[in-house]
1. For the condition open to solvent by less than 30 Å² (accessible area, probe 1.4 Å), in contact with a Leu (Cβ under 7 Å, 6 or more places away or on another chain), of a type in the set (Gly, Ala, Ser) and farther than 30 Å from Trp30 by Cβ, what is the one hit in Ala133, Ala88, Ala137?
2. When Thr151 is evaluated against the numbered criteria (1) of a type in the set (Val, Ile, Thr); (2) farther than 20 Å from Leu41 by Cα; (3) surrounded by 19 or more Cβ atoms within 10 Å (Cβ to Cβ), which criterion, by number, is the only one it fails?
3. Looking at (1) at pLDDT below 90; (2) under 30 Å from Ala138 (Cα atoms); (3) aromatic (Phe, Trp, Tyr), which one does Trp30 not meet, given that it meets all the others?
4. Can you find a residue that is modelled with pLDDT of 75 or more, surrounded by 10 or more Cβ atoms within 10 Å (Cβ to Cβ) and over 21 Å from Val126 (Cβ atoms) anywhere in segment 39-61?
Amino acid sequence: MDSSKSETAIDMTKATKAVPVPVAVPQPAWKRGVSIFDFILRVCGLVAALAATATMGTTDQTLPFFTQFFQFQASYDDLPTFTFFVVANAIASGYLLLSMPFSIVAIVRPHASGVKLLLLILDTVVMGLTTAAAAAAAAIVYLAHNGNSNTNWFAICQQFNDFCQRVSGAVVASFIAAVLFICLVVLSAVALRRSH
């Protein structure tokens, strides 16, 4: 055997085994930032949906003049569309409140894609519900303000001004909640797409 080769040969009997050392992989900061923004959007959506529910649910106006047999009153529960509006926004408020712990889990564990997928699916369903309720109520508010001469529906907002202002405010709050839900869906979809 050549002496130069024997000097470079490795003695495998004396070699030590390598111990794997766990290396902390830095998590991208954008995932945590997206999760925090998701939580903030949920809080804002909860405020908007609760405002829409409370405003519409407490809307009631009685005109100061009445006869012996008739009293002129407008209330949200006179129209099934407004009742649907209140129920839909109450469901959206309850959902947003119950989804906040899941959103916090997504902040603590940014790689938990199962939680994000569940929130994405449920956000999409509640977005559709909120948008449908807001759109239906907006149609009734439009009729209340403008009427429809072809069907002999008269505008009632000249007599029930406070009622119409409160109902209009509730519809605006519900549309704000719907836009926030749209932002939540887009944000969740983009976050899920970039995580894989």
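1. Exactly one residue qualifies, and that residue is Ala88.
2. (3)
3. (2)
4. Yes; the residues of segment 39-61 include at least one that is modelled with pLDDT of 75 or more, surrounded by 10 or more Cβ atoms within 10 Å (Cβ to Cβ) and over 21 Å from Val126 (Cβ atoms).
The values are calculated or read from the model by the stated rules, or taken from the named source; none is laboratory data. Fair warning: this is a prediction, and the values are worked out from it, not measured in the lab. Every residue, glycine among them, receives a Cβ derived from its backbone with ideal geometry; neighbour counts consider all protein chains shown. SASA here: full protein model, heavy atoms, side chains in, ligands and nucleic acids out. Shrake-Rupley method; radii C 1.70, N 1.55, O 1.52, S 1.80 Å.
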